[in-house]
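The values are calculated or read from the model by the stated rules, or taken from the named source; none is laboratory data. Note that the structure is a prediction, hence the values are computed from the model and not measured. No Cβ is skipped: glycine too gets one built from the backbone with ideal geometry, and neighbour counts run over all protein chains shown.
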Amino acid sequence: MKHILMNILMGLLCVFVVAVSAAHAQNEQSKPSSPTQDWIKGIEDPNVGYRSWIQGISPPEPPLVEDTGIDATINALTAPVAGLVGRIVFFKIPVFGAELPLVVLWLVIGAIFFTVYLGFINLRGFKHAIELVRGDYANPNDAGEVSHFQALATAVSGTVGIGNIGGVAVAVTVGGAGATFWLIMAGFLGMSTKFVECTLGVKYRNENPDASVSGGPMYYLRRGFAERNMEGFGKFIGIFYAIGIFIGALGIGNMFQSNQAYVQLNNVAGGGLDGLGWLVGLIMAAVVFAVIIGGIKSIARVTEKIVPFMAVFYCLFALIVIIMNLPSIPAAIGNIFSGALTGEGVAGGALGALIIGFQRAVFSNEAGIGSASIAHSAVRTNEPITEGMVSLLEPFIDTIVICTITALVIGTSQVADPGFAGEAKGIAMTSAAFERQLSWFPIPLAFAAVLFAFSTMISWSYYGLKGWTYMFGESLQGQTAYKLLFCAFVALGCIVQLGPILDISDALVFLICVPNILGLYFLAPIVKQELNSYLARVQSGEIKKYKNV
Amino acid sequence: MKNTFLLAVDGSPGSSNAVEFATDRAKRGGARIVVAYVIEWSPYTFNTPEENAERHKRREEELERATSSIVKPVVAKLKDAGLDVDSEVRHGHTAQTLIELAKKHDVAQIFIGRRGASGLKDMLFGSVTANLVQTAPVPVTVVP
């Protein structure tokens, strides 16, 4: 088994290395294109990556602020680096007329491997995960510790975002209805990856002297490889991961979010906030400051309460719209299946639809990136497997439930009225689909988008903090310095337009899935061992239920 | 015949009346007392990742504070009165947790002070005592 695994790994590594060098070569010839001018092509444009689809929210993104001298200087300095990093990370190989980004291939192969290796844990762990979240196995003596429900809710708040609303619309536009099928498939496979990374996050976390905990991929990469006599390599990729998550937290977890929140507010205000980015930025930075530095828990709690409420509210009204489109449902579902196999009208056919679907799913549920593992390792439990089990519900909720519902809202609207959205793309398209039936919906939708952005910022501030403390230690002054920096970037996100910096941040976040999944392969046997031991103990009654026996 | 009382305390004046009353009853009947304090907590709230990371530390602090400032003085007082005393500090929904503790220790009855919260707060949130009286499996003595 080990031999086969190593062979597969080596093969994959070789492919990756070749691809990266090919990207270099290709880079010499092609000119970087502007990320903002052609948003929809951006999905296919290696130079733009993650952020591009969402710029479709206000297509095409208007310059939020005048290009000041500072912006221009910074952009000029960073653009070449951003272009290079972006092209390497999102390098694509042409397959039968479609373009397959290697990083997506890497994530998907990992997800398939873990699903098979762990005997379809995403299916057989599902019922047990629900029982854990319900508190059936919660020992009353541990009351007061973070519950499984709380761990799940926190992690879901971090992943459910604008992507669930706008990203799906882009997937359907570019990949056709069939992309939805592959999106669901990828969500299903991603459940296994999440399971592995969250189990490891808890198993290899660090308990600090003050009884708080720090965990995540950087810790399991370092300690996991050290256990396998590869200490130097483990240290290297641990630090690499920490840098990636830190920069990612300032970019897609921060500037990009505040930027999108501002765009959203401005859209609803009908452009009334034009030129007031600095004000919106300062207000948002102040609120984030109050939560992460001021420790004003009430604000965080209010948001963390509203976000799940918003998610439920969104799904509920989405279902209402789908039911209002009742006559179109059979055709819309038919399109999803036929599109998945034929890929009619999609560049690259069925394969093109598949790639788009898989890509969207990964961007949405973050399985394989390792971020959720940081959130889960904060939970004190004696059984790391239980955290893994609970976490496999995240891609289910995020991708299989919420994204699918969005896809059906759009799909049924398309069947009823193919031209319903006009020129609208991204979130505007989703918004238009709702508006067809519920004219007032765009306003709460924009409100939800802003809150989603806010909760994502709070979650990512923690992920970045853990990257920071991994690099610079747990000193309180250092942590405060990081948090101040984070707040400054919230404001910056609305004030300056730092496209290339964001591109680097996007690229790095996807780049860290390379060492992360590599580590997961090496540590998968440990997870399997833990899983078997845990399941045996549940079977024998050693781990017993306290409720709903 | 079970001869254990559960005495729910919260550090309020009503609760010290309950302590007096339960002490008196226990002395007469030679009963054992379990002093219980519940820290209101729900497993279904929404937290930030940072709150989750610090939760264990906070829990220890909460238990320590409740034990030293509320439960220990009561236990000392009961012991001085010559009673057999046990104590429990737990997180959870107050009434539900008291009932769980009552079952766990197989108590004959529960003593609780009336906190006398009135007005708007009571109308909105109801009272722990009323909740307990309505759902407890054993007699509940509410001490004003």
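Some values worked out for this structure:
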| quantity | calculated |
| --- | --- |
| Candidates A:Leu189, A:Leu123, A:Leu200, filtered to the one that is surrounded by fewer than 20 Cβ atoms within 10 Å (Cβ to Cβ) and away from chain B (no Cβ under 12 Å) | A:Leu123 |
| Qualifying residue in region A:516-539 (condition: in a helix (DSSP H, G or I), closer than 27 Å to A:Met255 by Cα and touching a Gly at 6+ places or on another chain (Cβ under 9 Å)) | yes |
| Single unsatisfied condition, A:Gly144 versus (1) within 30 Å of B:Trp41 (Cβ to Cβ); (2) among the small types (Gly, Ala, Ser); (3) buried (at least 22 other Cβ atoms within 10 Å of the Cβ) | (3) |
| Qualifying residue in region B:65-72 (condition: closer than 17 Å to A:Val146 by Cβ and either within 12 Å of chain A (Cβ to nearest Cβ) or hydroxyl-bearing (Ser, Thr, Tyr) (or both)) | no |
| One residue from A:Phe114, A:Phe96 being under 21 Å from the mean Cα position of the chain (by Cα), more than 14 Å from every other protein chain (Cβ to nearest Cβ) and more than 28 Å from A:Phe452 (Cα to Cα) | A:Phe114 |
| Qualifying residue in region A:270-280 (condition: outside any loop (DSSP other than H, G, I, E, B), more than 14 Å from every other protein chain (Cβ to nearest Cβ), buried (at least 16 other Cβ atoms within 10 Å of the Cβ) and at pLDDT below 85) | yes |
| Residue within region A:311-324 that is under 17 Å from A:Ala155 (Cβ atoms) and surrounded by 15 or more Cβ atoms within 10 Å (Cβ to Cβ) present | yes |
| Some residue of region A:152-172 being assigned to a loop (DSSP other than H, G, I, E, B) and in contact (Cβ under 8 Å) with a residue 60 or more places away in the chain | yes |
| A:Asn229, sole failed condition from (1) within 19 Å of the chain's Cα centre (by Cα); (2) not in a helix (DSSP H, G or I) | (1) |
| All positions within region B:78-106 that are within 14 Å of another protein chain (Cβ to nearest Cβ) and among the polar types (S, T, N, Q) | B:Thr94, B:Gln96, B:Thr97 |
| Options A:Ile184, A:Ile247; residue that is surrounded by fewer than 24 Cβ atoms within 10 Å (Cβ to Cβ), under 26 Å from A:Ala407 (Cα atoms) and either within 14 Å of chain B (Cβ to nearest Cβ) or aliphatic (A, V, I, L, M) (or both) | A:Ile184 |
| Tally of residues being under 30 Å from A:Asn122 (Cβ atoms) and not in a helix (DSSP H, G or I) across region A:389-422 | 1 |
| A:Gly493 among the small types (Gly, Ala, Ser) and buried (at least 24 other Cβ atoms within 10 Å of the Cβ) | yes |
| Test for A:Val202: is it of a type in the set (A, V, I, L, M), modelled with pLDDT under 95, over 16 Å from the mean Cα position of the chain (by Cα) and over 30 Å from A:Gly334 (Cα atoms) | yes |
| Hey, A:Ala372 in a helix (DSSP H, G or I), surrounded by 20 or more Cβ atoms within 10 Å (Cβ to Cβ) and either within 14 Å of chain B (Cβ to nearest Cβ) or free of Cβ contacts under 8 Å to residues at least 12 places away in the same chain (or both) or not | yes |
